[in-house]
Amino acid sequence: MKDSITQNRIGKKIAQGAVVAALWLLLWQAAAMAVGQELLLVSPLTMLRRLAQLVRQPVFWQAVFSSCGRIMAGVLLALAAGTVLAALMSRFSFLYAFFRPALQVIKSTPVASFIILALVWIKSWALGAFAAFLMVLPMVWANLYEGIAAVDRDLLEMAKAYRFSFGKKMRYLYLPSLLPYFAAACSTGIGIGWKAGIAAEVLGLPKNSIGKALYNAKIYLEMPDLFCWTAVIILLSLLFEKLAARLLYALTARLAVEKEGQR
Amino acid sequence: MIRIKDLQKSYGEKPVLSHFSHDLPDNGIVCLTGASGRGKTTLLRILAGLETADGGSVTGLSGRKIAFVFQEDRLLPWITAQQNIRLAQPAGAKRPVGELLALAGLDSADGQKYPGQLSGGQRRRVAFLRGIAFLEGVENGVLLLDEPFNGLDAEAAGKLCGMLRSLAPQTLVLLVSHQLAPLQALDVSFFFMDQSF
């Protein structure tokens, strides 16, 4: 009974999503027909036709895999570094005082400034990873630092009274408390990482990259290509976001962190 | 014997314990009672090592294992009642958690529930059992209980008292309680804390 109710709900959600997508595509098609010039606004049909051609070319997949590898490497590195930094800065006030201004500066500086500066120092192929890392790092740090500060003081005191080992404290107290903050950091971080990484590739023009393909589309006024690559970026960003959400959900279930238990 | 001498503790400008002295036996049940704000909980917290006294000394506690049942349940919400208890058991503990649950009037189905799914009284009993589990196999342990009967009906309180009775020969049970009725069936030394500021 419960299963059929859940299935109905999922089915309804999918149907609703399909209707919304179809409406937006119709709206886009209507706008393209109203403008009447593919150079200004490509229609969804033209874009899909061009995408079908692109996916048959090996160079398309080379660009997709290279950009994915670089940008996700930057995001993953930022997740790891941001977590370590948040832990250290929560524990040692000097480290907090030392790193906080740097993280604030990074957070407020336009990504283009960093990319242009980094062009002098870093090889173009690593620029996407660098930009993704730099933009995601302060966000991960801020989320996890807030999460660590919000860990229940009463439970920490209980762990002290019952002499929890470091491992036990991590596994049963910090990890379940921080997972929602980490999940939020992942979800936002992947989106920001893709935006920053692609912007870096457009400026650095590394070989076999989505950024370079976007740049070429711009200078040769290949509007269908520009729309195709933009769609690919959005899809990849969403794909990795969903993948991270699935992984975290599996980890949460493994840790028996179930919503029911938190009621 | 545990000797508390000249213990002082203030929170900011507010004194909570002022030159408090008292001797506690090595085992048995001692109940601290008195009006609110007399420093009963603070004394328990100092004995548990969760607070540092501003002055004075406590001797006779070194090397003794201390379990603290807090006034609030402080159970980890993301693991089951059974896991909460097991987490406090020393490595190599042999007593099945199910046996402990039964002593407190809980069954194995209750043990599988998360704290959020238990009633207030059931949570209180699980927190109590965690303290008992922590002292498993320990001779000469100390069990500190802060308002252990809060939210419990007479039957459940009676079951807890039964467990305290069996612990008392090898453990010092020091409890703070405003509810004295459940203790009537036990051999308890009462100490009235009446320091006022």
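The values are calculated or read from the model by the stated rules, or taken from the named source; none is laboratory data. Quantities reported herein were computed from a predicted structural model and do not represent experimental measurements. Cβ coordinates were reconstructed from backbone atoms using ideal geometry, including for glycine residues, and neighbour counts include every protein chain displayed.
Observations on the model:
- Of the helices (runs of 4 or more DSSP H) that lie entirely inside the range A:161-221, those containing 1 or more residues that are away from chain B (no Cβ under 14 Å), in contact (Cβ under 8 Å) with a residue 12 or more places away in the chain and within 17 Å of A:M135 (Cβ to Cβ) span A:175-204, A:210-219.
- Of all residues in the range B:43-56, those satisfying the criterion of being free of Cβ contacts under 8 Å to residues at least 60 places away in the same chain and either more than 14 Å from chain A (Cβ to nearest Cβ) or of a type in the set (G, A, S) (or both) are B:G49, B:A53, B:D54, B:G55, B:G56.
- Among the residues of the range B:180-194, those that are in a loop (DSSP other than H, G, I, E, B) and either surrounded by 15 or more Cβ atoms within 10 Å (Cβ to Cβ) or touching a helix residue (DSSP H, G or I) at 6+ places or on another chain (Cβ under 6 Å) (or both) comprise B:L186, B:M193.
- Test: residue in the range A:97-117 that is without any contact (Cβ under 8 Å) to a residue 12 or more places away in the chain and either in a loop (DSSP other than H, G, I, E, B) or outside the structural domain of A:S209 (by TED's automatic domain parsing) (or both): yes
- Members of the range A:182-228 found to be aromatic (F, W, Y) and buried (at least 20 other Cβ atoms within 10 Å of the Cβ), listed by number: A:F182, A:W194, A:F227
- If the condition is being of a type in the set (S, T, N, Q), in contact (Cβ under 8 Å) with a residue 40 or more places away in the chain and either buried (at least 20 other Cβ atoms within 10 Å of the Cβ) or assigned to a helix (DSSP H, G or I) (or both), then the range B:115-173 contributes B:Q122, B:T171.
- Residue match in the range A:6-25 (condition: among the charged types (D, E, K, R) and either over 28 Å from the mean Cα position of the chain (by Cα) or closer than 16 Å to A:E222 by Cβ (or both)): no
- In the range B:64-83, the qualifying residues are those that are out of contact with any Phe, Trp or Tyr (no Cβ under 7 Å at 6 or more places or on another chain) and touching a residue at least 60 places away in the same chain (Cβ under 8 Å), and the one that is farthest from A:P176 (Cα to Cα) is B:R64.
- Residues of the range B:1-45 that turn out to be among the charged types (D, E, K, R), under 24 Å from B:S62 (Cβ atoms) and assigned to a strand (DSSP E or B), as a count: 5
- Residues (within 30 Å of B:K14 (Cα to Cα) and not in a loop (DSSP other than H, G, I, E, B)) located in the range B:54-84: B:G55, B:G56, B:S57, B:V58, B:T59, B:I66, B:A67, B:F68, B:V69
- Considering A:I106, A:I5, A:I71, the condition of being β-branched (V, I, T) and surrounded by fewer than 10 Cβ atoms within 10 Å (Cβ to Cβ) is satisfied by A:I5 alone.
- Qualifying positions in the range B:85-114 - within 13 Å of chain A (Cβ to nearest Cβ), in a helix (DSSP H, G or I) and of a type in the set (D, E, K, R): B:R86
- The range A:88-105: number of residues that are hydroxyl-bearing (S, T, Y) and within 19 Å of A:A78 (Cβ to Cβ): 2
- So A:R50, is it among the basic types (K, R) and under 13 Å from A:F227 (Cβ atoms): yes
- Just one of the listed residues (B:T80, B:T59) is of a type in the set (S, T, Y) and within 12 Å of another protein chain (Cβ to nearest Cβ), and it is B:T80.
- All conditions in (1) surrounded by 10 or more Cβ atoms within 10 Å (Cβ to Cβ); (2) closer than 23 Å to A:L221 by Cβ; (3) in contact (Cβ under 8 Å) with a residue 40 or more places away in the chain hold for A:V35, with the sole exception of (3).
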